[in-house]
1. For Ala80 and Gln121 in one chain, what is 0.36 nm times their gap in residues minus the Cα-Cα distance, to one decimal in nm?
2. Share of the chain's accessible area from carbon and sulfur, percent, 1.4 Å?
3. Take every Cα pair under 8 Å in region 148-269 that's 6+ residues apart, average their separations, divide by the length, and report that relative contact order as a whole percent.
4. Working from Cα positions, state the angle (0 to 90°, nearest 10) between the long axis of helix 89-98 and the longest principal axis of the chain.
5. Would region 174-277 count as rounded, prolate or oblate if I go by the C-alpha gyration tensor, calling it rounded below 1.5 in a/c and otherwise prolate when a/b exceeds b/c, oblate otherwise?
6. Once you charge only the Cβ atoms, +1 for Lys and Arg and -1 for Asp and Glu, what is the size of the charge dipole of region 148-269 about its Cα centre, to the nearest 20 debye?
7. Working from Cα positions, state the angle (0 to 90°, nearest 10) between the long axis of helix 184-198 and the longest principal axis of the chain.
8. Ala45 to Glu146: extension gain in nm, 0.36 nm per residue of separation minus the Cα-Cα distance?
Amino acid sequence: MRQPRLLCSLLLTLVLACQFCLASLAQAAQPSGIVLVAFGTSVDAARSSLQAVEAAYAKAYPGTPLIWAYTSDTIRTKLAREGQKVFSVREALDECARLGIVDVRVQSLHITPGEEFSQLQRLLVRYVTLYPTRFDHVWLGHPLLESSRDLEDVLCAVMDSLPATRTARDAVVLMAHGNSRGPGDLTLACVATAFNTSDPRVFLATVEGANGFAELVPVLEDQHPARVYLQPFMLVAGDHARNDLAGEDSSSWASQLKARGLAVEACLTGLGTLPGIQHIFVRHTAETTDDLVHPAKTF
Ligand code: CO
């Protein structure tokens, strides 16, 4: 009689151990993935910025699937015609589901929490509402510039990236995008002030929106800089950087300054290539508490 009882307890222990193993496996196997959301670029040479961001994520999250989504329909269509498929945000989430990912981290690679970011938020809320049980979590990592700490870190990263050849008499003009809709322009006005306060010869203006270049030109001329360095304040040095900032066309910022007799040098460095910038995005991905599946407040 003793042996069967021993066998029974052995079996029971085995079953319990198996259950424990399965439970911990289920917990460990909460497959997670990261969706990196950018406006996108169709300029081949500009893609290095996106690759640099991806490399930073691959290092911070080894083994985690990284899925790109471009918000620009025009760029996705253009790339598709060239045989390169890039997902939209919705398609990237569908892909997460297909891969069995249940813990999704969506990182906005936008510069400010402006209109593009608001659109991303609306889209994610809509997706989660349509498919409420598809994911356990959809964490939203916020854009580059959201807090005072972000601003300090961005300032450090960009000031460190300025050309070593720059002398005290040289000015710097950073080209941000800007937008006439949404709150992004207010953030950029604050960033422009912060740069100019930290170094009175560093300026920021925008292609669109309120912080225009035209207003900046007379201020620059008054300083009589020996040289003006031009650098994009955008994730990639894409179409705007190559054409509107540094292009040969008479309307480019470089041409406008040259026409006023100023010496100009363009540095086509996308923010995404700067480790200090990558670090902020990775921190936002890790620190977000914004879970769209389980919002902190329900109204
Ligand atoms: Co644009």
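The values are calculated or read from the model by the stated rules, or taken from the named source; none is laboratory data. Here the structure is a predicted model, which means the values were calculated and not measured. All Cβ positions, glycine included, derive from the backbone under ideal geometry; neighbour counts span all protein chains shown. Protein only, heavy atoms only, side chains kept; ligands, DNA and RNA dropped before computing areas. Shrake-Rupley method; radii C 1.70, N 1.55, O 1.52, S 1.80 Å.
1. Residue separation times 0.36 nm, minus the Cα-Cα distance, leaves 12.3 nm.
2. 57 percent
3. Value for region 148-269: 25 percent.
4. For helix 89-98, the angle is close to 20 degrees.
5. Note, shape of region 174-277 comes out rounded.
6. Roughly 220 debye, rounded to the nearest 20.
7. 60 degrees
8. Answer, rounded to one decimal: 33.5 nm.
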